[in-house]
Structures are given as C-alpha cells and as structure tokens.
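Single-structure report; data block below.
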Amino acid sequence: MPSALPDGEAVPSDGALPDTALTSVGAHGFGVYVHVPFCASRCGYCDFNTYTATELPGVDRSSYPDLVVAELALAARVLGGTAPPVRTVFFGGGTPTLLPPDDLARILDGIADTFGLEPDAEVTTEANPESVSPASLRALRRAGFTRISLGMQSAVGHVLALLDRKHTPGRATVAAAEAAEAGFDHVNLDLIYGTPGESADDWAASLDTVLGSVAAGAADHVSAYSLIVEDGTRLAGRIRRGELPMPSDDTAADRYLAAEERLTAAGLSWYEVSNWAADEAARCRHNLLYWSGGDWWGLGPGAHSHVGGVRWWNVKHPSRYAERLATGSPGAGREILTADERHTEDVLLRTRLSSGLPLDVLDDAGRASADRAVLAGLLDPTAVAAGRAVLTLRGRLLADAVVRDLLG
Amino acid sequence: MPAQLDPGATDPQRIRNFCIIAHIDHGKSTLADRMLQLTGVVEERQMRAQYLDRMDIERERGITIKSQAVRLPWTVREGDLAGESYVLNMIDTPGHVDFSYEVSRSLAACEGAILLVDAAQGIEAQTLANLYLALENDLHIIPVLNKIDLPAAQPDKYAEELAHLIGGKPEECLRVSGKTGSGVAELLDEIVRQFQPPSGDPAAPPRALIFDSVYDIYRGVVTYVRMMDGRIEARDRLTMMSTGATHELLELGVISPEPTKSPALGVGEVGYLITGVKDVRQSKVGDTVTALHRPADEPLGGYSDPKPMVYSGLYPIDGSDYPDLRDALDKLKLNDAALVYEPETSAALGFGFRCGFLGLLHLEIIRERLEREFNLDLISTAPNVVYRVELEDNTEHVVTNPSEYPTGKVASVYEPVVRATVLTPNDFVGAVMEICQSRRGKLLGMDYLSADRVELRYTLPLAEIIFDFFDQLKSRTRGYASLDYEPSGEQAADLVKVDILLHGEPVDAFSAIVHKDKAYAYGVQLTTKLRKLIPRQQFEVPIQAAIGTKIIARENIRAMRKDVLAKCYGGDITRKRKLLEKQKEGKKRMKMVGRVEVPQEAFIAALSTSDAPEQPKK
C-alpha cells in the first residue's frame, strides 16, 4: 500500500505558482525527477507509489511516456521560462527500467527539449539488477544516461527472499560491471540493513560484495539504508502478527558502524548520513540538490516538486493522474513554506551532509546547542570551531536528536 | 396538618429523630425514596431515583457524601397509636469510614437508628462500625432487612445474625423492600412506637448541634442543626460556641423535602439555618449554635476539628492550569471543612498543591470533582500518611510529604495506626490474616458473627491501608470481605525514606516513607517500572533507589544509539519536517529531571498502582 500524502492546501487547477516562487528558480540548481510507477512485483517492505498491473484505466506502460511529456508541457507553462537548463535528472520508481530504453530516452529528450540540459548534466536511473541487460544498459547510455543506481539491497539469499527481491545474490554486482562496461560514469549500489533475520555476518558479506565491485572499478557509490518498517506494508503486518521480529535500533546502529568501517577502509567516504562515494565526482548531484535547497520539478503520479519555497505533490494513482493532467494540473496538494519552515528544512537537511550546516544560520540557543553537542561527542569540534556543524560518527546515528537540539 | 405539628411549635413528644445506618448499595436511598412517597412529601410524579443524593457523584457511586435531614409527617396506621400524627426527622448519614466524624455528629442528633441490611448479603464491616457508634451514642436500634423481594434473599439467616449482634430476637427484625414498598408503612409505625421522643429543656438557652454544613452558590452556607435545648427564633442573632463568632440569622426552616421557612425551631426539632457566611469553616460540623442574647454556658460535647489523615500532591498535567486548580480548590473548600491544601513545588511535576484528606475516598472524591466539575487533568502523587519524626537533637518534625523528610540523625519515627475490622466468610480467614500480617497488622481478636461469618480485628499502620489494601482484600476474598477502620493513635516504627534517583538526581515525586523491611521491594518495584517507562536518552541513565546515600536497587536505561531516519529523498522532506515539528512539540511536554527528559505519561504511569505497560517501541 503506498504511503499517504501530506496534508496541504489545494493546488490551483492550472498549477500556477505564486510570483514570489518564480523570482529565482534554480538559484541552487534546477533538476527534474521522473517517477515511473510500475514494478514487476511489489516488495513486502515497499511503501512507494508503484503498481504491478500492466494496464491501469487510462494508463498503460506504453502510453506512460506521453503522460510525462504532457506534464512537461504544463511545467513549461507554469515556469514560463524562469527555469535555467537542467543540471540533474533522476528516474525513480517503481522500476524505471521496466520501460523500454527507448521510452526512457523519449522522456529524457522531452526534458532536454523543454528546459535544455547543462553540458555536464547528471542523468540517473534506478534499476533492479534483474531488469537490465548489457544491451539495455548500452541503449540507456546512448540515450544520455550517465549514472545508474542498482537496487541490490543484499548479497545474501535469505535476506533478499525476506525482502521479496527477485534477483539472485550475485546479479547486482554483475549488473554493475555491465553498467561500467556500457560506459556509465557512475554506478551506485543500494543496500538495506537491519532486515529481520539478517546477521552481522550476512551484512558483512553484503558489504564485502559491494566493495569487490568498487575494487573492480564498477561501482563508485554506495547507499545504505536501515530497513524502515512502514505502516501498511506486508512486512509491517508480518511483524505485527509476530511472524518476524521487529528490527531493533541497536542492531541498526551496529550495522551502520560496520558499514562505515568497511566502506571507509575501502576508500569511500560519507557525504550524507546514508551515502558514501569514492570521490567528490561520484556523489549524487541530484540528491545533493534536494538536500541543499535546490528546485526541481517532479513528473509523474505521486511525484513531489519544490520550486522557490513551494512544495507540491501530484495525485498518486496513475489513472487519476492521467485524468487530471488532461484538464490541468495533477497536483494533489501543496504548501507554501514559511520562513520558519524553510529554516527548519535547511537545518534538518544540511546537518545530514558531511559539508555540514553553517552555524551562522542558527540563533543563539541553536549555537549553544551546537557547543553542547560537541561536548556530547555528536558534532565535530574542529568543524564547529570553524563555524560549521558537522556530525561525528556517533552524531550521524543520532542526527535527528542533534537537529531537534539545534532548532531549540 | 394540625397546628401542633408546625415547625417551631411541635410538641417534642410528637417528634422522632432517626437515621439509617446502611452499607453502600444496601438500599438506603431507595428506602428513603419510599418514605418520602408514603408520607406524601414528594408526589409520585416528582419522584426521581435517590431523591436525596444531590451530587452526581453521590448518585453514580450510590453513596451519600453530605447528609440531609428531611421532615416527614406521619400518621400511625396500625396498633394503639393508630390515627395519631407525628413528625419524623430522617437524618441521612454519610456512609463511609472517611467521614466517621460526620457520622458521629449525625448520630448525636438522633434518638434512634434503623440498621438496614441487605437480606441477600448480610451486614458489612462499615455498617458494623457505625452500628457500634450508634450503640455507644445510646441510640435505640430497629433492625431491618431490605430487598426481601430478591430471589437471593436469605432473611432468616441474616435476621439471626442481626439478633446476635444487637441482642434481641430474630423475629423482631423487620422485613422490607425499598423497591416494592413492602413493609415500609409498618417500619414508619415502628419508628414512632420504638424510638424515644427527644428530651431537652425547652426553657433553657438554645443549644443547637450542627450535624452538617453545606455551601450553596446562591445562598451561602446552609447549616443543618438539631435543637438540643431551647428554641431559636427567626430574629435571633447567633453565636458559634467554638469560635465565639456571631452571625445574623437570615433564614431558618425545615426541609420537607425542599427548604421551607419557619418562624422558629423548638427543642427536639431538626432544621436549617442560613447566616450569610460563605465558607463552611465558619459553621463547622459538631459545633454548638446558641443565641447571642440568651447564650448557653456550655457547648454540647463531642466537637473536634477535622484532621487530615492522608496527604497527596495534586498537580495539573498542563502547568498553565495551575491557577484554575487553585480556584477550584478554593471553591471546593467552601463546602468541605476537612479539605486542606497548600502550594507545593515539585522539581518533577512543577507547581501544584499538597492536599490533606480524611481518607482515600475523600481523596478520590475531591480528585474526581476537580476533574469532572472543573475540567482539570491532574496527576496525584502516591498518598501518604502523616509522620512524626524525632531527631537526635530533640527537634520534632511533622512530615506530610516524604520529600520533606528531615535529613538529620533520626531518633524515632511515629506513624498513625488504625483499629481495623474485617468481616469475611470463614473460608477466607486465612487469606485475610495473611494480608494483614504482611502489612504489619497485629491481631486483636476474632469472633464468629454466625456459623460462617467472622469478624477479625487488627491494629494496622494506616500507611499500609492506604496503599491498595482494600483492593487486595477484595480480590483475595472474591469480593466478600468488608473493611472498616478508625484512627487509633500512633506507634514508633522502623521506617526509612526511600529516594528514587534518575541519573543521580532525586525525583521528589517518587520518594516514599516505607518500613525498613519493605524498602528493597519498593526500590525494585519503582526502578523496574521506571526503566520500562522512560525512553532511552542519548546517554546511559541509571535509575537508583537509595536510603540516604546507600543504594538499594538499580536499573539502567541504556543509551539510545540510533535516532535518525535513514532515507530522505525529495518526497520525504515535507513528511520529515512535520515529524520533526511533532517531536519538538512532544519535547515541550517532557519534564526535565536534571538532563533526563521524562514524558509526563511516565510520571502518571509510575504513580499509578497498577503495573506499567512496556514502553512501546518507536
């Protein structure tokens, strides 16, 4: 079951944004997110907006690119030429690679035609290891994709089985090698830790597999997320019924420390709480745009957008999305952020980055909290002395608490 | 009604003053309702159930908190007095041990008492205690079995029991049903026949016994009196003999069953006075009222000031409700001479009041009224008794709050004790003895009331009774045992103060004075409970129980190691910000104990007597 959308005010039927939001679009970069709401099967832990049916009323996979291109036209009308060329594009899902490479290419071309792409634009697609082949990867690369993010999750069979993942344990790193072979600039492997039944050794095995791929020059980026048991998922039901143990926070903390230790030893370094990269060029620029107050347009059902302090989100169901798009904006709700809310987001997002948060954005109480966090071993003393709040390793595990304290 | 029965002009020979002694739910109010109907003072169509119980709480709990006095005209129906008219004053008495002083004053206003017992349940300990009180006051007793219409009624068995208790024959026991009205007219006839008319000197200076005092928002304090000597006229000025204070008399009258003005109250009569005072403390139960210009020399005996036996701290859950709590207590105090309170500050709970009560029921009633009538959400600390602590430097300290226990070298500690009576079916004697012994009880005696019912008498520390004793007693005897107790002085005991420390900081709300042998159990119980209730912090938090500097129990809350949401995509930002805002709101409701954030709910749960649930996982 897809998670619920936030509460917000209604989006005008033409999707129009307040003038104030359009004064400096892309000052911190401009990106495009494309949501592809299809999967071959649904995983038990997943609460993303995705559908396994090949045809939904008014939408099928083959006509989906037309819908996205139609929303692009709406975006062009709403932004009215205020947007600069696109710096980053990210195809997420769902499973974008369930669509043929030509369809993905058509959407990417549409984006380029509408806004233009920066010469060194980062264009990423997510992919399931089993949904790509050397041929499809080459086709994507030819179409202009520069980066691929593979949903590996684990290298251990019983963990993959519990997560309902369909690929075999070895498939992800093979896919990474194929992507490198096809000429992708950057390859990410996505991991999940803290799955019920996953042992410390299982996790170490997954990390070792990933690091083998890094050492082989295939992957240059690793994301590691603790499993979040979202309400309404099949996994949550199994835990509620006592069929599976609830993953504990202590275990998650142990796994995180193990990840940090091994990934760092292999030459990767963290740049966000859950993300490690081989070097600065390997960092995901699209995600950094999210975390640094950048603007982006999210295309597709359930996609979120942010432009000039306005966040909005589209209706979730593809059929309803198609219906709404035919007459205007598919926006389901939006919020016009107050100065306070923008400040809160700024602190909560930038504190998670290795580049940290400049202390001068904080009030006196917040700066005093930063000093206390140094004493508690949560913020790096040298960085704080130099005017930035940067989390220590322990601080990364308690980042939400640090953010609450910094905000007072 | 003949003129000779008018208020102020009634011949004492035509008056009968009586009360009904009964256990909760043995049907006293229903019987009173029938009497109101049969004597014609309330018409059928005006009748509502439990007419005399005015407070919602009284009707809901089926108990009478404040007493009332109703004047009932009655013309005898049968026997040699048939056709003769009388005035019956029914004085309703509070039915609970906490209010035994009020009961004793109500009894002092009567010549006779109806001992009303449920024919399906037999006599209960509180009824027995009040019966003994009535016998001590030389009241004539008419034993009455009620609810004889019930299929489970065993009137023969319980008639035997009552006869055994008060002396007399089982067949002298009347049998009525308050519900159907059966036997009620006969009972009214017997009241006239068996109870003595009031004695007292009609020519002496007036002496009126105050047996109740009620605050009414429109009229001020309404004082209920029984004229023991002389008469009070509507134009008199009155003197309260305990204080010497004088008051203008604004109104006097009788209740029948609504207040009715009268020109005077004569000897033996029962009625009400209104003097315009606004606080029941100016018109105290047990005090003697006389006339300013014809003053009596001596007050009636038996007056004493209400003395709180149990203390508890009451705190608003929302600190900003503190002024409302103060106003509410000020209002309740107008109607409750026994309620005492003073402001108190707790490091853990903020601003509140330390309140003194007559007993646990009194505490519960006040708390419930504060929450219900004044819409307040409250935390109350564990109730405690009053201790007297003598230090080696010869100073003495009266401790009403464990956190104020003196720190010097203690020579001896005294705690209040009670004389408790437990009535139980003999199957449960062992269980009752076990409970009493585990609570430091000393057996005083044991008697069989009937073949299968036993009366056990114990001396027990009051402190042991106020902590879930009654619940234990009920659960171990499948609800059959009943309990009564009365204060019985104090005793020296081996008591210690146990502090609970959170990360090294004592939490005042959890300090308790307990017997040395139970200190460890208390320490373990509370530290275990708190470990489950307090969420993990960024650092390890020891929870310790200590006597002075000696640690007797310890638990640890391990440091929280992870407090971060791993993923934060573009679409998660709004959700994450809202979650953060919610967490910040939650943080505001946390109480800080030193560096430890303790949720309000943890205090509430730890102070409740039931077991705390496990802290739900996040």
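Derivation of every value follows stated rules applied to the coordinates shown; laboratory data play no part. What you are looking at is a predicted structure, and each value in this text was computed from that prediction instead of being measured. Glycine gets a Cβ as well: all are built from the backbone with ideal geometry, and neighbour counts include every protein chain shown.
Here are a few things to note about the model shown:
- Taking a ≥ b ≥ c as the square roots of the eigenvalues of the Cα gyration tensor, chain A is rounded, since a/c falls below 1.5.
- In terms of surrounding Cβ atoms within a 10 Å radius of their Cβ, B:ARG453, B:ARG595 rank from fewest to most as B:ARG595, B:ARG453.
- Angle between chain B longest axis and helix B:429-438 axis [Cα atoms, degrees, rounded to 10]: 50
- The Cα atoms of the range A:291-379 cover 56, 22, 16 Å along the three principal axes, with the biggest extent listed first.
- Charge context of B:GLY441, other residues only, Cβ under 12 angstrom, K/R +1, D/E -1: +3
- In chain B, excluding the sites themselves, the longest stretch lacking any of the GluC sites (Glu not before Pro) that are in a DSSP loop with at most 15 other Cβ atoms within 10 Å is B:85-391.
- Candidates per chymotrypsin sites (Phe, Trp or Tyr not before Pro) in the range B:211-302, loop by DSSP, up to 16 other Cβ within 10 Å: B:TYR218
- Amide H to amide H distances under 5 Å link B:LEU115 with B:ILE21, B:ILE142, B:VAL144, where only residues 5 or more positions off or on other chains count and H is placed in the peptide plane.
- Rounded D (µm²/s) - the range B:347-394, Kirkwood Rh over Cα pairs, Stokes-Einstein at 37 °C, 0.692 mPa s: 251
- DSSP H segments from chain A that extend 18 Å or more along their own axis, Cα-based, with Kyte-Doolittle mean of 0.5 or above: A:64-79, A:200-215
- For a label point 7 Å along the Cα-to-beta-carbon line of B:LEU579, residues of the range A:221-241 with backbone N under 12 Å: A:226-231
- Dipole orientation for the range B:126-204: of the candidates B:GLY168, B:ALA153, B:ILE142, B:ALA153 has the Cα lying most toward the positive pole (charges on Cβ; Lys, Arg +1; Asp, Glu -1).
- The long axis of helix B:28-38 is offset from the longest Cα principal axis of chain B by roughly 30 degrees.
- Compactness of the range B:310-380 was expressed as the Cα radius of gyration divided by 2.2 N^0.38 Å, which yields 0.98.
- The Cα-based radius of gyration of the range B:207-291, divided by its Kirkwood radius, gives an Rg/Rh of 0.91.
- Residues B:ASP563, B:ASP336, B:ASP297 arranged by fewest to most Cβ contacts within 10 Å: B:ASP297, B:ASP563, B:ASP336
- Counting neighbouring beta carbons within 10 Å and listing from fewest to most, the residues B:CYS19, B:CYS436 come out as B:CYS436, B:CYS19.
- Once both labels are positioned 7 Å from their Cα atoms along Cα-to-Cβ, the gap between B:ASP11 and A:THR52 label points is 9.9 nm.
- Long pairs among B:LYS516/B:LYS550; B:LYS518/B:LYS550; B:LYS147/B:LYS179; B:LYS532/B:LYS584; B:LYS284/B:LYS307; B:LYS278/B:LYS333, criterion Cα-Cα beyond 18 Å: B:LYS532/B:LYS584
- Evaluated over the Cα positions of the range B:540-602, the convex hull gives a direction-averaged projected area, one quarter of its surface, of 5.8 nm².
- Trypsin sites (Lys or Arg not before Pro) restricted to DSSP loop in the range A:199-287 with at most 12 other C-beta within 10 Å: A:ARG241
- HN-Hα J in Hz across the range A:234-248 - Karplus 6.51, -1.76, 1.60, θ = phi - 60°, x for Gly and Pro: 4, 4, 4, x, 5, 6, 4, 7, x, 6, 10, x, 6, x, 8
- Once the Kirkwood radius over Cα pairs is known for the protein assembly as shown, the Stokes-Einstein relation at 20 °C and 1.002 mPa s delivers a diffusion coefficient of 61 µm²/s.
- Relative to one another, the C-alpha centroids of the range B:338-385 and the range A:300-348 are positioned 50 Å apart.
- The C-alpha atoms of chain B define a longest principal axis, and helix B:322-334 lies at about 20 degrees to it.
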